[in-house]
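Beneath this line is the structure, given in structure tokens, with notes to follow.
Values quoted throughout were computed directly from the atomic coordinates according to the rules given, and no laboratory measurement underlies them. The structure displayed is predicted, hence computed values, not measured ones. Virtual Cβ from ideal backbone geometry, glycine too; neighbours counted across all protein chains shown.
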Amino acid sequence: MVTVREQLPERLIELSDETTVEHAEEAQRELAAWLDRVRDILDGAELTKLEEIAYLILQKELTLNTHHSSNTFSTGIGMADILAHLHVDEDTLCAAMLYRCVRENVITLEEIQKKFGEQVYNLVKGTLAMGKLSELIEKNKRLEDHFNNNQREHLSGIYKMLISVTEDVRVVLIKLAERTLALRELATSSRERQERVAREILTIYSPLAHRLGIAQLKWELEDLAFRYLAPDRYKEIASLLNEKRLEREHYIQFVIDKLKTELAEHGIESEITGRVKHIYSIYRKMKSKNLSFDQLYDIRALRVLVKSIPECYHSLGIVHQIWRHIPHQFDDYITNPKANGYRSLHTAVIAENKSLEVQIRTYEMHEEAELGVCSHFNYKEGSKTTDHSFNHRLHSLRAVLEHYQERNESNVHKHDDESENLEDLQNFEDFEKIYVFSRDGDIKELPRGSTVLDFAYHVHTEVGNKCYAARVNQRYVPLTYALKTGEQVEILTKKDREPNRDWLVNSLGYIKTARARDKLRHWFRQQDRSKNLEVGREILNKELARLAIHPKSIDLNDYSSHFNLKTGDDILVALVSGDISLHALINQVNRQMHLDNDEPELVLKPTLNPRASHTLSAHGILIDGLDNVELHIAQCCQPVHGESIGGYITLNRGVSIHKVACPDYLRMIKNEPERAVEADWEMQPTRGQSVQIVIDAYDRRGLLKDLTQVIFSDQINIRQVNTISEADGIANMKLLIEVKGLAQLSRLLARLEQQPGIISARRLVQGN
């Protein structure tokens, strides 16, 4: 790629600084010549809008007396010329021309929107936003340390931030063009400025250009930056090359043509590209592999793409046939792929008295190497992790560039569906990360939608726990404020501050990330365990009371393994923290009692079979060591199928069946333990069991009808109803019903409490 100053008319930039009529006329002529050259690059595109903008900026620069930090016209021309070689669309060229004018207040965004349309306006606006980020990055005090220590994992967050801040990929291209031009103009700057900008570009923008596949920008950015950072080493390697880059490019084109002809003669369709290793790349390889210049065989390289693996090996044979192979310089990564999955054939030959590396691979292998899991920039830049969301965005950026190149090759400049296709390529709403600055200038990566409280917990757990306020860009914001890329966040803390339980409520919007939520829950679990136990026990006992289940009838330790906890107390704490829902616990209790809530209800049988009256088979009860003995259900507790039960041998009525937690039962077996027998329910009840329930409700017409319909819908038999209407309008109803077990009773009570006007519905046992 030839630089702008080599291609621009020699006098154009100088003339734009002059204000005489003669100079203005000469500048316009030179500008017309430059526009014609850009049209040639873009295969005859009209560029009417670009022409209008260029003459407008030139006129403003010639007539305005205001002195700017840089010539807006020459900067615009330089940026547009760089982008023209990338074959971008006219809107992008126009935005590049206007960018510096807006920054220097020569023209306003409103004027741009009115005169040149929404597309150009959005591009300029997006580039300005990225420019502000660039200024923050350059002023970042921490950045210098990261540069010096080569902390690439942190620095990668910088160009991720630059990518994520824009919704239009063309903005990134404009920014790269601006940085390229800035580097070219560093010659007159101070040494300190040269080194700082060179480090910034070498660390941030050249890797970005590399990932986008813009080789002509990448090598120029790296070489120019390297020249400012290590001028002596740069000159040494340049002298070792002993040839101009243009000569190397002619050589590459010659060997491409020769190899392509040979492959075609053997019936192999191929795509061959070449590259000349630039100075910085040579330096980096010599340093990383501890090699001398004479040991480098890939200064010049070809890449051959074919359709199949057999054609790869066939092409290899042809290469070795026409050029002499360098011994010990062959790697077969197809048979033996690299650890990251990279596949290709690498060989080195002497072609036209110069060393040449040839890489041969299939199109599928090439796509994996460029954009797949084995993308070369992942290991060449020293990245330890792969950000799939960011790589997807880069893939889309490269797709846009390919779209421009294909459009240029087909000589088509305007299609009706062009904008629609471009929108498809630029859909980045699923980019999952945002990037913000800490108070000290560090860049933090967070999931999209994160709040300032999420940021506080991301910095440190204690910062989040003691957070009481936050400032974003020096402005106070609520803790629910959703952060955006590029914002600077400062968290204010107090020593005596403690987290609020409201932070865990999803609907309030304090916490959005799982990481912060886990840290907050852990804090609550560690705080005042005895208090949490008390609250959890109260929550559970309230639900058990509704079902008339005595708390001592269940052992929470039996359910700890199901919830991956150590003890029953841990279950109570988890109820408070929200890790376990009350519904899940009660369901597990029902399952352990051998009850299936989803089992279809059976039709109820009549109460007791006369022939089986007062026998075990009538009630579906099993008593250890006894068979077919007289029994009766104790009226003091009225156990229901599924509840823990025990038997007590009476003097003349056989065995009475109680709940194990029944106070009367506990008193009797304490006094006479020899009368206690173990009892249990059969797996399935054989008949309905009588249970009394109490319903308190606001009295109204049709109340009893509505409630009985609810009961009948569950196929539950009502044996007795007793209703009393109080003077205060409250109706008290006692119903004797038949249920098949605890699960059916629980469902019924829950449904009854959901009815309009119902105050409470509970089971009635002796002593209630």
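Taking the alpha-carbon set of region 241-381, what are its Rg and Dmax in Å?
In Å, with Rg to one decimal and Dmax whole: 14.9, 41.
Take the alpha carbon atoms of region 437-466, find their center, do the same for region 231-289, and report the distance between the two centers in whole angstrom.
47 Å
So, in nm, how far is label GLU534 from label ARG471 when the simple model puts each one 7 Å beyond its Cα toward the Cβ?
So the label points at GLU534 and ARG471 sit 4.1 nm apart.
Rg over Rh of region 282-329, using C-alpha atoms and the Kirkwood radius, what does it come to?
That ratio is 1.08, to two decimals.
Report the label-to-label distance for ALA545 and THR480 in nanometres (one decimal), using points 7 Å from each Cα along the Cα→Cβ vector.
My value for the distance between the label points is 3.3 nm.
Can you give the alpha-carbon Rg of region 689-764 over 2.2 N^0.38 Å, where N counts its residues?
1.01
Quick check: Cα centre of region 38-63 to Cα centre of region 496-569, how many Å?
Taking the Cα centre of each part, region 38-63 and region 496-569 sit 69 Å apart.
Sorting check: for 656-666, 312-322, which peptide has the highest mean count of neighbouring beta carbons within 10 Å, and how do the rest follow? Don't skip to the end; give the middle numbers.
Working: 656-666: 20.7, 312-322: 16.6.
Ranking the peptides 656-666, 312-322 by packing returns 656-666, 312-322.
With each pseudo-label sitting 7 Å past Cα toward Cβ, what's the GLU46-MET286 distance in nm, one decimal?
5.3 nm
Treating only the Cβ atoms of Lys and Arg (+1) and Asp and Glu (-1) as charged, compute the dipole magnitude of region 689-764 about its Cα centre; round to the nearest 20 debye. Working shown, then result.
Details: 10 positive and 8 negative charges, 52 e Å.
That gives a dipole near 240 debye.
If we restrict to alpha carbons, what Rg and Dmax does region 529-592 come to, in Å?
Using the Cα atoms of region 529-592, the pair Rg, Dmax is 10.7, 29 Å.
Using unit Cβ charges (K, R positive; D, E negative) and no other charged atoms, how large, in debye to the nearest 20, is the dipole of region 241-381 about its Cα centre?
On the way: 20 positive and 20 negative charges, 128 e Å.
Value, rounded to 20: 620 debye.
Compute from the Cα atoms of region 433-513 the Rg and the Dmax, the latter being the longest Cα-Cα distance, and quote both in angstrom.
Rg, Dmax (Cα atoms, Å): 11.5, 33.
What pairs in LYS218/LYS338; LYS277/LYS338; LYS244/LYS307; LYS494/LYS566; LYS175/LYS494 have C-alpha atoms more than 30 Å from each other?
Result: LYS244/LYS307; LYS494/LYS566; LYS175/LYS494 exceed 30 Å.
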